[in-house]
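Please read the structure below before turning to the comments.
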Amino acid sequence: MLQLWKECEGAKSIAISGHIRPDGDCVGSCMAAYLYLKKVMPQADIRVILEQPSEIFSCIKDFDKIENDCQTELAPDIFIALDCEKTRLGEAVALFDKAKKRINIDHHISNSKGCGDVNYVEPTASSTAELIYTVIDKEYLDVEIAKAIYIGIIHDTGIFHYSNTSPKTLQIASELISYGFDFPTLIDETFYEKTYVQNQVMGRAILESIIFMDGKCAVSYVDQKTMDFYHVTPKDLDGIVNQLRIIKGVECAIFMYEIGVQQYKVSLRSCKYVDVSKVASYFGGGGHVRAAGCTMNGSFYDVVNNLSEHIEEQIKEHEIG
Ligand code: AMP
Ligand code: MN
Ligand code: MN
C-alpha cells in the first residue's frame, strides 16, 4: 500500500494538481492531500495548482490558497497528479514534466497504467478522495482533511448513490463523519443547491431535450448564445446530464455544451449496461463505466450521430445477448 508521507519524504517542494474543469472529487482530493502534507511536512513548499474551481468548494480549508497560475519556472521535487492522467492536467503539465518525481493517484478506468513514476490507480474506488483516505497516515486526519475527502466522495458517488459506492466507501464515510463536520449542510450547499439561473438553464435543457433509440437515449445541449444570455459558465451546468439519465426508460444520457466553433464538451451517463467509458475513449476522452466525457467536433447533429452509433451498438448487443 502506498504511503503518501513516505513517497514525499525529504522533498522540499511539492506541487499538487488535478484535471481541468475541476469537479468535487478533484478539488476535494487535491485539498485533502495539501492539508495532510502541510501537516506532515510543515517546512516544505507545498502548492495546489488548479483551474479556478467553483465557489461552492470555498468551504474547504485553504481553498483561497489554490493557485491558478502555473509558475512554469518552478521545478518541484514532487508533482502529485490527482483524479486524472497527464493529458488532462492543463497548464500544470509543464510542472509535471519538470518534476523530479511524479505521483499519480486516480480511479479512472481509462487511466490504465498511470502516468507517474509512482502510480496508484484503482478503478474500483469510488473516487480519488477515497484513495487519498487510504494513503494518509490516520494519525494526522482532522476535521478539515475529513471534510475535503468527504466532499470528493459525495460528488463522485452522487451522495453514495451510484454503483461505484462500495461497502468500503461507506466505511470510510462513517469514519469521516465521526470528525463532526456539518455534513447535511455540506451536501446541500455543494451538491443539491442551485441558483435560480442554474435551475432555469437546467429547465431549458430538459425542455429542449430529445429522446431517441426507443426512449433509451436522451440528449440535450446548451450553446454559447444561451450561456451568454443567462450569464452562466460550464460550472453552472452540473447536474443536467444526471437529470436526463433519470428519465424513465433512459439507459444512456448525453449532455453537451459548446466550447468553441463546432466544438462540444460531451458528458455521458448510463444506468445499467452501456459502458460510456468505452464510448468516450473512442472519441479521445475517458472516464468510468457509468460516467464519462470527451470533447467532440462538428455540428450538434454530427456529434449525436457519431455517439449514437457506438451507444446503439452496445444497446443492441445487450438486447441480443
Ligand atoms: P463529466 O461528464 O465531465 O462530469 O465527466 C464524467 C467522468 O468522466 C469524470 O470522472 C471525468 O473525470 C471523466 N472525464 C470527463 N472528460 C474526460 C476526458 N476528456 N478524458 C478522460 N476522462 C474524462
Ligand atoms: Mn474528476
Ligand atoms: Mn473522480
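All told, PHE160 falls short of being assigned to a loop (DSSP other than H, G, I, E, B), open to solvent by less than 50 Å² (accessible area, probe 1.4 Å) and either more than 15 Å from ligand 1 (Cβ to nearest atom) or at pLDDT below 95 (or both). Scanning the range 205-225 for residues that are in contact with a helix residue (DSSP H, G or I) (Cβ under 7 Å, 6 or more places away or on another chain) and assigned to a helix (DSSP H, G or I) yields a total of 2. For the range 33-76, taking the residues that are at pLDDT 95 or above and of a type in the set (Ser, Thr, Tyr), the one that is farthest from ASP236 (Cα to Cα) is identified as TYR36.
The set of residues from the range 286-314 being in a helix (DSSP H, G or I) and under 30 Å from GLY114 (Cα atoms) comprises VAL303, ASN306, LEU307, SER308, GLU309, HIS310, ILE311, GLU313, GLN314.
For the range 62-89: of the residues being surrounded by 18 or more Cβ atoms within 10 Å (Cβ to Cβ) and more than 14 Å from the chain's Cα centre (by Cα), which is nearest to ASN111 (Cα to Cα)? Going through the qualifying residues, I end up with ILE80.
For the structure I just gave you, tell me whether GLN52 is of a type outside the set (Asp, Glu), more than 16 Å from ligand 2 (Cβ to nearest atom) and open to solvent by 60 Å² or more (accessible area, probe 1.4 Å).
Numbers: of a type outside the set (Asp, Glu): yes; more than 16 Å from ligand 2 (Cβ to nearest atom): no; open to solvent by 60 Å² or more (accessible area, probe 1.4 Å): yes.
Criteria not met by GLN52.
Does THR128 fit the bill of being within 14 Å of ligand 1 (Cβ to nearest atom), over 25 Å from TYR150 (Cα atoms) and at pLDDT 95 or above? Judged against the criteria, THR128 is not a match.
Which residue out of ASP156, ASP137, ASP106 is of a type in the set (D, E, K, R) and over 18 Å from the mean Cα position of the chain (by Cα)?
Details: ASP156 fails: over 18 Å from the mean Cα position of the chain (by Cα); ASP106 fails: over 18 Å from the mean Cα position of the chain (by Cα).
Going through ASP156, ASP137, ASP106 in turn, the sole match is ASP137.
Of the residues making up the range 234-277, those that are within 12 Å of ligand 1 (Cβ to nearest atom) and either touching a Pro at 6+ places or on another chain (Cβ under 8 Å) or part of a helix (DSSP H, G or I) (or both) number 13.
For (1) within 16 Å of ligand 2 (Cβ to nearest atom); (2) surrounded by fewer than 17 Cβ atoms within 10 Å (Cβ to Cβ); (3) under 21 Å from THR87 (Cα atoms), each residue gets a yes or a no:
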position: PHE229; (1), (2), (3): no, yes, no
position: LEU244; (1), (2), (3): no, no, no
position: CYS252; (1), (2), (3): no, no, no
position: ILE259; (1), (2), (3): no, yes, yes
position: VAL276; (1), (2), (3): yes, no, yes
position: GLY286; (1), (2), (3): yes, no, yes
position: CYS294; (1), (2), (3): yes, no, yes
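The residue that is nearest to ligand 3 (Cβ to nearest atom), counting only those in the range 90-114 that are closer than 16 Å to SER281 by Cα and open to solvent by 10 Å² or more (accessible area, probe 1.4 Å), is HIS108. Taking residues in the range 44-57 that are within 23 Å of ILE187 (Cβ to Cβ), and partners anywhere that are open to solvent by less than 10 Å² (accessible area, probe 1.4 Å) and part of a strand (DSSP E or B), the pairs with Cβ atoms closer than 7 Å and at least 6 places apart or on different chains are LEU50/SER17.
Which of the residues spanning the range 5-36 are surrounded by fewer than 23 Cβ atoms within 10 Å (Cβ to Cβ) and away from ligand 1 (no atom under 16 Å from the Cβ)?
So the first thing to find is which residues in the range 5-36 are surrounded by fewer than 23 Cβ atoms within 10 Å (Cβ to Cβ), and the list is 5-13, 20-21, 23.
Within the range 5-36, TRP5, LYS6, GLU7, CYS8, GLU9, GLY10, ALA11, LYS12, SER13 meet the criteria.
The values are calculated or read from the model by the stated rules, or taken from the named source; none is laboratory data. Everything numeric in this text was worked out from a predicted model, so none of it was measured. Here Cβ is always computed from backbone atoms with ideal geometry, including for glycine, and neighbour counts include all displayed protein chains. Please note that ligands, DNA and RNA were not included when accessible areas were found on the heavy atoms of the full protein model with its side chains. Shrake-Rupley method; radii C 1.70, N 1.55, O 1.52, S 1.80 Å.
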